[in-house]
Amino acid sequence: MAFPKNFLWGTATAAHQVEGGNTASDLWLMEMMKDSIFEEPSGDACDHYHLYERDIALLAGLGLTTYRFSIEWARIEPEEGFFSKAALDHYRRMIATCHALRVTPMVTFHHFTAPLWFTRDGGWENPKSVDRFARYCEAAGRALGDLIPYICTINEANIPIMVTMMRRAVGIGGGGGKRERALAEAARLCGGEAGKFSPYLSGDGIASAPNLIAAHRKGYGVLKGLTRAQVGITIALNNFQCEPGGEELFATADHAINGQFLESLKGDDFVGVQTYTRVRFGKDGVLPPPEGSERTQMGYEFYPESLEATIRQAASVTGCPVIVTENGIGTQDDTRRIAYTERALAGVLRCLASGIDVRGYIHWSMLDNFEWLEGYRPKFGLVEVDRATQARKPKPSAYWLGAVAKANALR
Ligand code: BGC
């Protein structure tokens, strides 16, 4: 039941979800405007921008050895072509803090949010996004790369197309024109052209998919040229399952959402697998979770076995070593977090036993944080956050995962 030597044990966050005050980003505008599609704005979030040292020390104290977090493009390049030395210095201090506390930093360069100027000009739907991202990778890679052992270029590059296809297939996130109205209003507020404002998760993911694939390839080349980091990307891999009658839809969705991305990664240093549940395709389209099944706060089926399946898929299509860069559950009941994680890790062990090169497990998330459209309601954290005082309180699951990490085994 033991994991390999040097297995990475960690937990993850993303800048916009924890830092607070990400005012130059596209989502800040979307969250703050009247008739926002967000439940509530991110605001000060967990003030991780100022409290990172305390948070990384907490993670290390639990026995975890890896911290995956993102640097915020909107802070680093708040206006096109202006790279903030102050912001880069901030992230340099943050990465240095990881090293000082013997924590391995894994740094994501793009985790959903982007600078407002980028999104106003078409975001990832605009083919210019490829060179814009590469230029940002070059600036951040030069400033920080010597301190980073692992880089994830883009978080869940396939999630825009997943969201778009799901919206069209089953109306998930459709919202009766509310999204379209919000995009039009955001464009107006920032002086952009109508129809062009395209945030990562609310734009046309079918149009952005080829640019995201190309941006990763170009960013990968830039970062490999500038740094000695292991460079990869992370993919949102829910376990797609086919029920009778769903064959055609399953095949189309699996290729568009998973296959075309995984196939473009051959030769990368690793592939980051991010899994939360399974999605079943039947003759009437995407099926709801089975009757009577347990659901998480996100409405997902409680199905930790999905991770084993997605690791197998990622490894067999890409041929790359796998790092689980996200896996977790939104729940108020921390005993279910432990149960979920234990079953997911048992799946990781079965993958290892069958010879798959899995190099780490990074749990989402370190802190209860800003869960995008849903606001602060879903609780994914190993650590509870009192947002009035910014006090942190590790949950039993945090100590449990720390003990697994220290033992490097499931007992
Ligand atoms: C994202 C996280 C998010 C998590 C839980 C992933 O898709 O990378 O930012 O909080 O899922 O929904």
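Would you confirm whether any residue within the stretch 313-328 is open to solvent by 20 Å² or more (accessible area, probe 1.4 Å), within 15 Å of the ligand (Cβ to nearest atom) and part of a helix (DSSP H, G or I)?
no
Give all pairs with beta carbons closer than 7 Å in which a residue from the stretch 378-400 that is on the phi > 0 side of the Ramachandran plot meets a residue that is open to solvent by 30 Å² or more (accessible area, probe 1.4 Å) and away from the ligand (no atom under 16 Å from the Cβ); count only pairs at least 6 apart in sequence or on separate chains.
Listed pairs, sorted by first residue: Q390/D47; Q390/L51.
Select from the stretch 276-295 the residues that are open to solvent by 20 Å² or more (accessible area, probe 1.4 Å) and out of contact with any strand residue (DSSP E or B) (no Cβ under 9 Å at 6 or more places or on another chain) and list them in ascending order.
Those that are open to solvent by 20 Å² or more (accessible area, probe 1.4 Å) and out of contact with any strand residue (DSSP E or B) (no Cβ under 9 Å at 6 or more places or on another chain): K283, D284, E291, G292.
For the stretch 88-128, which residues satisfy the criterion of being within 27 Å of G402 (Cβ to Cβ), polar (S, T, N, Q) and within 16 Å of the ligand (Cβ to nearest atom)?
Here is the first cut: in the stretch 88-128, the residues within 27 Å of G402 (Cβ to Cβ) are 91, 93-108, 111.
Adding the requirement that they be polar (S, T, N, Q) leaves 97, 104, 108.
Matches in the stretch 88-128: T108 only.
Give the residue that is nearest to T275 (Cα to Cα), with candidates limited to residues of the stretch 365-411 that are basic (K, R) and modelled with pLDDT of 95 or more. Spell out the reasoning first.
The initial filter retains those residues of the stretch 365-411 that are basic (K, R), namely 377, 379, 387, 392-393, 395, 406, 411.
So of that shortlist, the ones also modelled with pLDDT of 95 or more come out as 377, 379, 387, 392-393, 395, 406.
Working: R377: 20, K379: 16, R387: 27, R392: 26, K393: 25, K395: 22, K406: 24 Å.
Only one residue fits best here, namely K379.
So E180 ticks every box in (1) in a helix (DSSP H, G or I); (2) at pLDDT 95 or above; (3) not β-branched (V, I, T) but one. Which box is left unticked?
Only one criterion is unmet by E180, namely (2).
Being farther than 18 Å from E39 by Cβ and outside any loop (DSSP other than H, G, I, E, B) is the filter here, so list the residues in the stretch 368-394 that pass it.
Passing the criteria: V383, E384, D386, A391, R392, K393, P394.
Take the conditions at pLDDT 95 or above, within 16 Å of the ligand (Cβ to nearest atom) and assigned to a helix (DSSP H, G or I) and apply them to I257. Does it pass?
Values: at pLDDT 95 or above: yes; within 16 Å of the ligand (Cβ to nearest atom): yes; assigned to a helix (DSSP H, G or I): yes.
The answer is yes for I257.
With R280, R336 as the choices, which residue is in contact with a Cys (Cβ under 8 Å, 6 or more places away or on another chain) and modelled with pLDDT of 95 or more?
Working: R336 fails: in contact with a Cys (Cβ under 8 Å, 6 or more places away or on another chain).
Exactly one residue qualifies, and that residue is R280.
Yes/no matrix, rows are residues, columns are (1) more than 20 Å from the chain's Cα centre (by Cα); (2) of a type outside the set (D, E, K, R); (3) closer than 21 Å to A12 by Cβ; (4) open to solvent by 20 Å² or more (accessible area, probe 1.4 Å):
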| residue | (1), (2), (3), (4) |
| --- | --- |
| F118 | no, yes, no, no |
| W124 | no, yes, no, no |
| P127 | yes, yes, no, yes |
| A139 | yes, yes, no, yes |
| R142 | yes, no, no, yes |
| P149 | no, yes, yes, yes |
| C152 | no, yes, yes, no |
| A157 | no, yes, yes, no |
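The values are calculated or read from the model by the stated rules, or taken from the named source; none is laboratory data. Given the structure is predicted, the values throughout are model-derived calculations rather than measurements. Glycine gets a Cβ as well: all are built from the backbone with ideal geometry, and neighbour counts include every protein chain shown. In case anyone asks, the SASA skips ligands and DNA or RNA and just uses the protein heavy atoms, side chains included. Shrake-Rupley method; radii C 1.70, N 1.55, O 1.52, S 1.80 Å.
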